[in-house]
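The values are calculated or read from the model by the stated rules, or taken from the named source; none is laboratory data. Every value quoted in this text rests on a predicted model; they were computed, and no experiment measured them. Note that we place each Cβ from the backbone using ideal geometry, even for glycine, and neighbour counts take in every protein chain shown. Just the protein is used for accessible areas: all its heavy atoms, side chains included, with ligands, DNA and RNA removed. Shrake-Rupley method; radii C 1.70, N 1.55, O 1.52, S 1.80 Å.
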Amino acid sequence: MTDRPAPRPRPAGQTTRGWRIGSVGGAPVVVTAGWLLIAGVLIALVGPQLQSITGAGPIAYLWALAVPALLFISVLAHELAHGWAARARKVPVREYVVTLWGGHTSFSGGLRTPGDSALISVAGPAANLALAALAWFLGDGLPGLPGLALDAFTYTNAFVGIFNLLPALPLDGGKLLEAAVWSISKDRSLGTIVAARAGQVLAVVVLGGSLLVPLLRGERPSVVTAVWAALVAGVLWTGAQASLRQAKAQRSAQAIDLAAIATGAHVLHVSGTVADADQVLARTPSVGIVLVDDRGKPVALVDRQALTAVPATGRQEVPLSAVAHAIPPAALVTRTRGPEAVAQVARAAQAGAAVVILVGPTDPSGDPSRGLVPAQVLGLVPVSQVVGLLGGRRA
């Protein structure tokens, strides 16, 4: 149960695979197939125990349905609390997802400050601890199956809240540790590395403890306990590894300078013709051609192969728009250095762009009516070149 800043955003409207059961604040709430699996397992495990404890017969399985239902409430409250805190910090929420191992909240943008990260992260466990306190108050002295259900709800939320506060990624407490190191060192990637290493240590402790503690007591380790510990340790280790990869990618991105690798571009109005392109390419044939609208906004890139295929006769009549392809808005990159620039390139690639256009402040001297356009375009950068640089630096 943790936030996910989504380093590789999906196209607008695309969510995690699963069943959309509603939305909160415009962000979809998605339940994955993994949650249905864990719900079935819980019913199968709890039903016989309730029969044994209460002697209620088959009706105990109906009460067993309350366990995954209450757990669902716990998980969803945890994730919605992350979202509430995120919106309070002006961080847009993309989706809430309930999964096999709990859930996650994904954001449309990155967290700007350590304070943002800390507040959003602590909100989830705080919600669980609040639910635990409420269930304890309501269930105090309540007899029978309702009392057992509220007791289970109390202890589950208390455990989830406390466990998630452990200072290790991918838990929320790991985000708090990351934020603390980030605040002190001014280096978020260092905070991520420290918290991810703590996550790897916790994974080893969980697995080792499930085996060593019974042995130290002179008992045989429980197979069921060992299996669950291995699963939890695996989730922790996998999450920590993913965080480490993300931190290394962030450090690689620090050295990226898009302006240094950009190639120049001819800028023509979208109403121009192929003959206009011939004129500018005669002067500098090695650069691309960007088409802009009346406001000077880049809207298309000329396809050089399509341009070459136009017959020599009639090139003055063929519009450039006929040999160009439209560019998605995400292909306009305003940052030139560091992780923010790389994140913009990633969004452009996710939107289907193979080339990004570096754009700068508008030049008010441009006059589209006279064939001139504002000097916005700083250069062109192939997405594959950025990917190659990141891959080379990580190696």
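At a glance:
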| item | result |
| --- | --- |
| Pair list, Cβ < 7 Å and 6+ apart or interchain, from the range 289-314 residues that are under 15 Å from Asp276 (Cα atoms) to residues that are open to solvent by 80 Å² or more (accessible area, probe 1.4 Å) and not aliphatic (A, V, I, L, M) | Leu301/His325; Asp303/His325 |
| Scope the range 204-256; condition of a type in the set (Phe, Trp, Tyr) and either at pLDDT 90 or above or touching a Pro at 6+ places or on another chain (Cβ under 9 Å) (or both); matching residues | Trp237 |
| Tally, over the range 276-300, of residues that are in contact with a Pro (Cβ under 8 Å, 6 or more places away or on another chain) and buried (at least 19 other Cβ atoms within 10 Å of the Cβ) | 4 |
| Those helices (runs of 4 or more DSSP H) lying entirely in the range 89-205 with at least 2 residues out of contact with any Lys or Arg (no Cβ under 7 Å at 6 or more places or on another chain) and open to solvent by 60 Å² or more (accessible area, probe 1.4 Å) | 114-139, 144-164 |
| Close pairs (6 angstrom Cβ cut-off, 6 or more residues apart or separate chains): charged (D, E, K, R) in the range 260-276, not in a helix (DSSP H, G or I) anywhere | Asp276/Leu268 |
| Every residue from the range 347-395 that is modelled with pLDDT of 85 or more, within 14 Å of Thr334 (Cβ to Cβ) and open to solvent by 50 Å² or more (accessible area, probe 1.4 Å) | Arg347, Leu378 |
| Qualifying position, being of a type in the set (Gly, Ala, Ser) and modelled with pLDDT of 90 or more, among Ala312, Ala322, Ala259 | Ala322 |
| Residues located in the range 165-193, provided they are in contact (Cβ under 8 Å) with a residue 12 or more places away in the chain, under 18 Å from Thr113 (Cα atoms) and over 20 Å from the mean Cα position of the chain (by Cα) | Ala180, Val181, Ser183 |
| From the options Thr308, Thr273, residue that is over 36 Å from the mean Cα position of the chain (by Cα) and exposed (fewer than 13 other Cβ atoms within 10 Å of the Cβ) | Thr308 |
| Check on Leu320, under 21 Å from Val381 (Cβ atoms) and crowded, with 16+ Cβ neighbours inside 10 Å | no |
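Conditions tested, residue by residue: (1) surrounded by fewer than 19 Cβ atoms within 10 Å (Cβ to Cβ); (2) under 17 Å from Val93 (Cβ atoms); (3) modelled with pLDDT under 65.
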residue	(1), (2), (3)
Thr15	yes, yes, yes
Gly18	no, yes, no
Gly22	yes, yes, no
Pro28	yes, yes, no
Val31	no, yes, no
Gly34	yes, no, no
Tyr61	yes, no, yes
Ala66	no, no, no
